[in-house]
Amino acid sequence: MTYWSSSRRDFLKAVAGLALTGNSLAGTRGPLQRPVLIVGGGLAGLAVLDALQAAGRPALLFEASARLGGRILTLRDGLQPGLRAEAGGEQVMQNHQRVRRLAGDLRIPLIDYPLLEGDLLFRHRGRMLRFRLPSDLPADLTDGLSALEKTQWPHRLHLAYTEHAEPLADDDPRSALQWLRDLGLSRRGETFVRAFAAVDPERTSAAHFQRIARREAAGGNSQVLAGGSDRLTEALAARHAQSIRRNTPIRTVVIGEHSATLLDADGVAHVADRVVLALPLGPLLRLDYRPGQPRWLARWDEARVVAHELKVHAQVDPQEFAALGIRPHIMGFEFPRMTWLLPERSANGKALLSAAAVNRQLARLQEARLRGVQAMDRVLRQRLPLLRSLEVRTRGEDWMSNPLIGGAYTYVPAGSRGPSPALREGPLVLAGADFSAYPGWMEGALQSAEVAVSEILRA
Ligand SMILES: Cc1cc2nc3c(=O)[nH]c(=O)nc-3n(C[C@H](O)[C@H](O)[C@H](O)COP(=O)(O)OP(=O)(O)OC[C@H]3O[C@@H](n4cnc5c(N)ncnc54)[C@H](O)[C@@H]3O)c2cc1C
């Protein structure tokens, strides 16, 4: 039997269990409020639990796995002391007020995203050069650059042009390089763009390149949670340990008029007046609904759940990269991508992992996209001579095949996104980043939790 299948036998066992415990499938309101049941211990589910408890409303959360946090996953094992890798949620953008508030509440400081911090190590005419400001650049390096280009670090030249340009139409026939030349990119600037853009500007469409560069520019303003993103979920979980059941996958949801019954993998039934399904779309669609699927699920029949970003990270000796003249920045906006290994203190810019060149090559490996972390590891080993002698670790989760996640992002048909009252049906309330105005972000998980909790408290 696969993890997700549920049999008639399970159902009958559960119904028998209900009879024994005196619960009925229809359920009735007792004198005491029954706990709200929450399915899913990712950030959304934990935030719902936290807010309900704060409002004095009893709640109980079921998490399928032993680990809480879902798509927030910070890796530390096997890395050099003080380093960590984020395999899931990491960047907190300026407008992510909910994450910022929660971090403040939990006393977790935010530190600047280290992507654009630190010195730039660059190999030029056989010399290793170190830059901090554009004015540090030696004259023989800036000769031939335009005035605009001289205001930028060489590795940011493509951003300089992107920032000044109007948005491009998706069907613009030009390559990125042609577009940059049309904007005035100098011959010397071209060398830098080729060397430092996250994708090959000749083989990337202008519009796609512009989108990537804009995200890169935006990333420069973002922050991360000091010590790791999982501090958010760990702190929430610690606050409510008594109200969390780990290793309890829910398989079946029996929907009554005023109550719902959850059947877990052992066939145990849990009854509540309100059930919050705080799940990504994949697992949500895999639940077995009785007597039938809620109406709102049909809205997402066309959805494709994909592992949009797969993270592979390599732990390498910084000396080896330094010897190769690779700058200590990791460009991560094209996938497949390297995961950032963040020193606990990033402010000095001495990130230990320096893999820009590796990542640039990775970005060209179109065929490796979306094939999973293992495939990327194979390709890395075969195709990147640079890495042959280095230890490459493939870790983190293969989000695509994990049945609890089913992909990092969910693409849904236009027009069917966004929180709406329709997401509540009878006793069921939906939460989770996938159903928020910020899909693919931790902010979305919190926003969805806010909507779900206000729905419950209002009723
Ligand atoms: C690779 C990657 C990179 C990302 N980068 C960023 C970023 O830089 N910044 C950012 O803000 N966000 C980022 N995100 C997105 C962010 O991590 C997610 O939006 C957010 O964590 C989702 O939280 P959630 O609670 O909605 O869902 P999830 O975290 O997926 O939680 C769902 C939980 O439900 C559990 N579950 C599933 N099925 C069942 C069941 N049947 N019964 C019980 N439990 C079940 C799962 O085990 C999981 O714990 C990234 C995500 C990924 C994967």
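Values in this text are rule-based calculations from the coordinates and carry no lab data. All of these numbers come straight from a predicted model, not from anything done at the bench. Cβ: placed from backbone, ideal geometry, glycine included. Neighbour counts: every protein chain shown.
Of the peptides 139-146, 231-238, 156-163, how do they stack up when ordered by the mean number of other Cβ atoms within 10 Å, highest first? The partial results should precede the final answer.
On the way: 139-146: 13.1, 231-238: 20.5, 156-163: 23.0.
Packing proxy ranking, top to bottom: 156-163, 231-238, 139-146.
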Which whole-number percent gives the relative contact order of the range 144-218, counting Cα pairs below 8 Å spaced six or more residues apart?
-> 45 percent
Rough spin-label spacing in nm, given labels placed 7 Å along Cα→Cβ, for Arg194 and Gln293 = 5.1 nm
Could you check the simple spin-label distance between Ser65 and Leu110, using points 7 Å along Cα→Cβ, in nm with one decimal?
-> 2.6 nm
For Asp200, residues with placed amide H under 5 Å, excluding near neighbours | none
Highest average packing first - 101-111, 280-290, Cβ atoms within 10 Å = 280-290, 101-111
